[in-house]
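Data block below; observations after.
The values are calculated or read from the model by the stated rules, or taken from the named source; none is laboratory data. Remember, it's a predicted structure, so these values are computed and weren't measured experimentally. We place every Cβ from the backbone using ideal geometry, glycine too, and count neighbours over all the protein chains shown.
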């Protein structure tokens, strides 16, 4: 039974993501966004419990990837798809044409490339200490919380901006760019300086802007990762 605990937690991640999709399609996108947080908690707990209990299983990584695809690929895409509907209706009448409306389906590229990213992750030895490309939870926390952030950043209610950032984040999922991991192997300040800086700034943003801060936090994460890359280029050997 002990060996099944991580897989059970992974299934809760999958269930949460599935319910988030259902809520998004029912236009309850703010509640759907909140469920992404719960899915991320289950995603953390399944790996943590597997290490704690030494209960790794053969199907664990594949099951985890399937759950992450639903919760951090499909669910945020559905949230943005529904959000883009209201953004489209805010366009001037002369721009509310069928072909411009059809452009919103570029959002489906996001879960497709999330699937590619997750498949590569399971077989890429370079991603033990850092990520190559944007991790799917980060993707979900940016896209899935756009409706919250739009309350402060009205630009995120613009149809063209929403489609553009969705395309950019889709490409970041499979970009050959090194991004730092938040996993601590020890807690020494010098070795984890970038992590401590990121967590400290994230806490401040959460206090100031609450749930609407998530897209800004993810942007900060990406910029910090780019900054690290300037001084520590990715090893391509």
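Just checking, does segment 93-107 include any residue being in contact with a strand residue (DSSP E or B) (Cβ under 7 Å, 6 or more places away or on another chain) and either more than 23 Å from residue 194 (Cα to Cα) or free of Cβ contacts under 8 Å to residues at least 40 places away in the same chain (or both)?
Looking for residues that are in contact with a strand residue (DSSP E or B) (Cβ under 7 Å, 6 or more places away or on another chain) and either more than 23 Å from residue 194 (Cα to Cα) or free of Cβ contacts under 8 Å to residues at least 40 places away in the same chain (or both), one finds none in segment 93-107, hence no.
Using the structure shown, decide if residue 50 is modelled with pLDDT of 90 or more and either part of a helix (DSSP H, G or I) or buried (at least 19 other Cβ atoms within 10 Å of the Cβ) (or both).
Considered against the rule, which asks whether it is modelled with pLDDT of 90 or more and either part of a helix (DSSP H, G or I) or buried (at least 19 other Cβ atoms within 10 Å of the Cβ) (or both), residue 50 comes out as no.
Could you check segment 147-172 and list, in sequence order, the residues that are surrounded by 15 or more Cβ atoms within 10 Å (Cβ to Cβ), assigned to a helix (DSSP H, G or I) and at pLDDT below 95?
Listed by number, the residues that qualify are 147, 148, 149, 156, 157.
Report yes if residue 58 is under 27 Å from residue 108 (Cβ atoms) and either in a helix (DSSP H, G or I) or modelled with pLDDT under 90 (or both), otherwise no.
Judged against the criteria, residue 58 is not a match.
Using the structure shown, decide if residue 113 is surrounded by fewer than 19 Cβ atoms within 10 Å (Cβ to Cβ) and either assigned to a helix (DSSP H, G or I) or at pLDDT 90 or above (or both).
For residue 113, the condition - surrounded by fewer than 19 Cβ atoms within 10 Å (Cβ to Cβ) and either assigned to a helix (DSSP H, G or I) or at pLDDT 90 or above (or both) - is not met.
Scan segment 39-46 and tell me whether some residue there is under 19 Å from the mean Cα position of the chain (by Cα), surrounded by fewer than 19 Cβ atoms within 10 Å (Cβ to Cβ), in a helix (DSSP H, G or I) and free of Cβ contacts under 8 Å to residues at least 24 places away in the same chain.
Within segment 39-46, one or more residues are under 19 Å from the mean Cα position of the chain (by Cα), surrounded by fewer than 19 Cβ atoms within 10 Å (Cβ to Cβ), in a helix (DSSP H, G or I) and free of Cβ contacts under 8 Å to residues at least 24 places away in the same chain.
Looking for something assigned to a helix (DSSP H, G or I) and closer than 19 Å to residue 27 by Cα - is there at least one such residue anywhere in segment 122-131?
Within segment 122-131 (the criterion being assigned to a helix (DSSP H, G or I) and closer than 19 Å to residue 27 by Cα), the answer is no, since none of the residues qualifies.
Identify, by number, the condition in (1) over 26 Å from residue 31 (Cβ atoms); (2) assigned to a helix (DSSP H, G or I); (3) within 19 Å of the chain's Cα centre (by Cα) that residue 183 doesn't meet.
(2)
This table checks each residue for (1) surrounded by fewer than 16 Cβ atoms within 10 Å (Cβ to Cβ); (2) free of Cβ contacts under 8 Å to residues at least 40 places away in the same chain; (3) part of a loop (DSSP other than H, G, I, E, B).
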site	(1), (2), (3)
188	yes, yes, yes
191	yes, yes, yes
195	no, yes, no
198	no, yes, no
208	yes, yes, no
214	no, no, no
218	no, no, no
221	no, no, no
